[in-house]
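We did not get these values from a lab; they are worked out from the coordinates using the rules stated. From a predicted model like this one, the values you see are computed outputs, not experimental measurements. Neighbour counts run over all protein chains shown; Cβ positions are idealised from the backbone, glycine included.
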Amino acid sequence: MLITFEGIDGSGKSTQISLLRDHLLEAGHEVQVFREPGGTDVSEIIRGMLLNPELEIDPVTELLLFSSARSQLVAEKVRPLLEKNVIVILDRFYDSTTAYQGFGRRSMPIEQIKQINAAATHDLVPDFTFYLRLSLEEARERTKTFEKDRMERAGDTFFTQVFEGFEYLAKTESRFKTINAERNIESIHKEILKILSLSLKS
Ligand code: ADP
Ligand code: TYD
C-alpha cells in the first residue's frame with residue numbers, strides 16, 4: 001500500500017507521518033517512510049541542488065529535477081518495497097509538483113505536467129493521499145522560526161498559487177482525503193487512522 005501526504009510547507013505532514021508510522025509498526029506492519037525530494041543517494045543529491053538558496057534554477061529545470069529525483073526513488077525503493085507488501089509512506093509525491101511547479105511557478109500547462117508526473121512515477125498512483133489543509137497564515141505562524149530553503153524564499157503570490165493548486169487537486173482527485181489540519185495533532189492523527197482502518201484490516 002502506498003500512502004502519500006500533501007500540503008503546504010508547515011501543514012504538519014512530518015508530524016502526522018511519524019505518528020502513523022509508529023502506529024502501523026506497533027500493529028505489526030512493515031513500513032518505510034521517504035521524503036520527497038530524497039530517499040536515495042541520487043535523489044538526495046538532487047534535493048541539495050533544489051533547496052540550495054545560492055542557486056538560481058529555471059522553472060522548467062526545477063520541474064524536471066523534482067521529477068528526476070522521484071523517478072529514481074520509485075525505481076530504486078518504492079516499487080520494490082510495494083512488491084514485497086511493505087507499506088510505503090511518502091512525505092510529498094507528484095501532487096506537490098502539480099501544486100508547486102504547475103500552479104506556483106506556472107512552469108508548464110497542467111496537462112503537460114500530468115504526463116511528466118506519469119513518467120516520473122513509472123505510472124504509480126497512491127492508494128491514499130492525505131491532504132493536510134491549513135491556511136497560509138497558520139502555516140507561516142507555525143514555521144516562522146525555521147530557516148528558509150530556496151523554495152521557501154519564494155514570495156506570497158507563489159504560495160497563494162500553491163495553495164490554490166492543492167485546492168484544485170482536492171476537488172478533482174477522488175483519491176485526495178482532505179484533512180482539516182488546523183486542529184490539534186492527536187485529533188488529526190485519529191481521523192487519519194479512521195480513514196485507513198477499513199482497508200488495513202483486509
Ligand atoms: P511539514 O512536514 O508539513 O512541513 P511539520 O510536521 O514539520 O510540517 O510541522 C510544522 C510545525 O508545526 C512543527 O513545529 C510542528 O511541531 C508544528 N505542528 C504540527 N502539527 C501541528 C498542529 N496540529 N497544531 C499545532 N502545531 C503543529
Ligand atoms: P521539505 O523541507 O521536504 O518540505 P516541508 O517544508 O513541507 O517539510 O522541502 C521540500 C520543498 O520542495 C517544499 O518547499 C516543497 C517543494 N517541492 C516542490 O516544489 N515540488 C515537488 O515536487 C516536491 C516533492 C517538493
Self-check item: 43, 68 arranged by Cβ crowding within 10 Å, fewest neighbours leading
Solution: 68, 43
Quiz prompt | Charged-residue dipole, Cβ positions (Lys, Arg, Asp, Glu), region 19-59 about Cα centre, Debye nearest 20 | solution = 120 debye
Quiz item: Pick from 118, 27, 139: which residue has the top mean-square fluctuation in a GNM of the chain where Cα pairs under 10 Å get a spring?
Solution: 27
Quiz prompt | Top positive-direction residue, dipole computed over the chain with Cβ charges, set 163, 64, 46 | solution = 163
Quiz item: What residue among 34, 146, 159 shows peak mean-square fluctuation when the chain is described by a Gaussian network model with Cα springs under 10 Å?
Solution: 146
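Placing +1 at every Lys and Arg Cβ and -1 at every Asp and Glu Cβ, with all other atoms neutral, what dipole size does region 82-202 have around its Cα centre, in debye to the nearest 20? Each step should come with its number before you reach the end.
Numbers: 19 positive and 19 negative charges, 23 e Å.
Dipole size: approximately 120 debye.
I need the helices of the chain that pass two filters: whole DSSP H segments spanning 18 Å or more by Cα along the axis, and mean Kyte-Doolittle score no lower than -1.0.
Membrane-span-like by this criterion, though nothing is claimed about a membrane: 13-26, 59-73, 156-172, 185-201.
Mind checking Rg over Rh on region 80-142, alpha carbons, Kirkwood formula for Rh?
Here the Rg-to-Rh quotient is 1.05.
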Quiz item: Mind listing which GluC sites (Glu not before Pro) in region 1-100 are in a DSSP loop and have 15 or fewer other Cβ atoms within 10 Å?
Solution: 30, 54, 56
Quiz prompt | For 108, 151, order by how many other beta-carbon atoms lie within 10 Å, fewest first | solution = 108, 151
Quiz item: Tell me, in nm to one decimal, what length is gained between residue 187 and residue 51 on full extension, where the rule is 0.36 nm per residue of separation less the Cα-Cα distance?
Solution: 45.8 nm
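Under 8 Å for C-alpha pairs, at least 6 residues apart: give me the relative contact order for the chain, rounded to a whole percent.
32 percent
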Quiz item: Can you give the translational diffusion coefficient of region 47-202 in µm²/s, computed by Stokes-Einstein from the Kirkwood radius over Cα pairs at 37 °C and 0.692 mPa s?
Solution: 193 µm²/s
Practice problem: Given the options 129, 172, 98, state which has the largest fluctuation in a GNM of the chain using a 10 Å cut-off (strictly under) for Cα springs. | Solution: 172
Practice problem: Assign unit charges at the C-beta atoms only (+1 for Lys and Arg, -1 for Asp and Glu), then state the dipole size of the chain relative to its Cα centre in Debye, rounded to the nearest 20. | Solution: 420 debye
Practice problem: Go through region 129-144 residue by residue and turn each phi into a ³J(HN,Hα) via Karplus (6.51, -1.76, 1.60, θ = phi - 60°); whole Hz please, and just put x for glycine and proline. | Solution: 10, 8, 9, 7, 9, 9, 5, 4, 5, 5, 5, 4, 4, 5, 10, 5
Quiz item: Can you list residues whose amide H is under 5 Å from residue 39's amide H, if they're 5+ apart or on another chain and H is modeled 1.01 Å from N?
Solution: 44
